[in-house]
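To start, the structure itself, in structure tokens.
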Amino acid sequence: MTAFGEPQAQVAHLFDQLADGYDRAALRFFPFAADRLAQRLAPRPGEKILDVATGTGAVAVAVGQRLSGNREGGGRIMAVDISERMLDRAYANVRRMALHNVDLHPMDAAALEFRDSYFDALTCSFGLFFLPDMAAALREWRRVLRPGGRLLLTSFGSEAFQPLAGWFCEQLQVCGGPAVNPADFAWQRLATAEVCTALLASAGFEQIECATEQLGYHLQAPQEWWDVVWNTGFRGRLATLDAAALERFQQQHLERVGAAFADGTLWLNVPVLFVSASVPGA
Ligand SMILES: C[S@@+](CC[C@H](N)C(=O)[O-])C[C@H]1O[C@@H](n2cnc3c(N)ncnc32)[C@H](O)[C@@H]1O
């Protein structure tokens, strides 16, 4: 049972399944991006910050660490997610990092249970594109930010995970799965500066800036790519395959990926879009 309605319940179920593998080394682009986001945010002493769709807490930890490092001290992070299992992992990570300025709550990103103008800043790393109505969610996020409050988001660039994502889609069809192509992945809804800028402007944000950073790295084995597939949203695309088809998919897909390891490594392409904006009226 879950407190959230459809289709959020399906998303929560998928991420509950993914939570245990989310902190695997192959997925280190998440903490890399979180660290860059925290650096760009530059949280100030005493600020109240909301991290939406926190997952296993990568941004909450990165921002919490920066806040706790302020000589003046103070400031808190509220981190919310729709997946209870993700929040369990986030709690463990926050404890492991000895942070005492992070609170975690289950909550739908589209319906925040906070009063108006409460937070100084709101972060969301790789979360907005999962929400059915992104513009409505952004208006809700604006509501809980004070005038002059800052918003910082990330998404993937359109060429993220290529060519591997394309090979994934091709193999999926060969194995009887649904016809998908890389343009269908959720992040493509927010993959360009133009789309992000227009969306944030329509939700009433100003001073919108977008920058792309390459946060990719060389994978050391085909299995590392499988870690990415099996522990991220890619896995959701495999849900319709039965056990035999899934096994065939994994074997044949990794054969192709393995063939590309001619020189012993394979580049994982992770262009990340950092989008910042603020609420009018400081
Ligand atoms: C790709 S993960 C990113 C996690 C984290 N921000 C990071 O960068 O590592 C997306 C997260 O969004 C959460 N999510 C998806 N839809 C949500 C919703 N409607 N409300 C709150 N969280 C949501 C998922 O549960 C998942 O933890």
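What to note about this one:
- Placing unit charges on the Cβ atoms of the charged side chains and taking the dipole of the chain about its Cα centre, the candidate lying farthest along the positive direction among F119, V195, W230 is F119.
- DSSP-defined antiparallel bridges as percent of all bridges, the chain, nearest 5: 45 percent
- Given R0 = 41 Å, the distance between the Cβ atoms of R235 and E72 translates into a calculated FRET efficiency of 0.40.
- Ordering of 10-20, 179-189, 152-162, 257-267 by packing [mean C-beta count within 10 Å, highest first]: 152-162, 10-20, 179-189, 257-267
- Relative protection proxy for 83-89, 190-196, 46-52, from highest mean packing down: 46-52, 83-89, 190-196 (other beta-carbon atoms within 10 angstrom).
- Cut-off 10 Å between beta-carbons: net charge of the residues surrounding R24, Lys and Arg +1, Asp and Glu -1: -3
- Separation of the A259 and H13 label points, Cα + 7 Å toward Cβ, nm: 3.6 nm
- Nearest-ten-degree value, helix 84-96 long axis tilted from longest Cα axis of the chain: 70 degrees
- With the simple spin-label model, which puts each label point 7 Å out from Cα in the Cβ direction, the V180 to L246 separation comes to 1.4 nm.
- The C-alpha atoms of the chain define a longest principal axis, and helix 134-144 lies at about 30 degrees to it.
- Length released on extending from E194 to H218, taking residue separation times 0.36 nm less the Cα-Cα span: 5.7 nm
- Magnitude of the charge dipole for region 191-282, about its Cα centre and with charges confined to Cβ atoms of Lys, Arg (+1) and Asp, Glu (-1), is about 240 debye.
- Computed helical MRE - 222 nm, the chain, DSSP H runs ≥ 4 contributing -39500 (n - 2.57), nearest 500: -11500 deg cm²/dmol
Each value in this text was obtained by applying a stated rule to the coordinates, not by laboratory testing. Everything numeric in this text was worked out from a predicted model, so none of it was measured. Cβ sites come from the backbone with ideal geometry, for glycine too, and all protein chains shown count toward neighbours.
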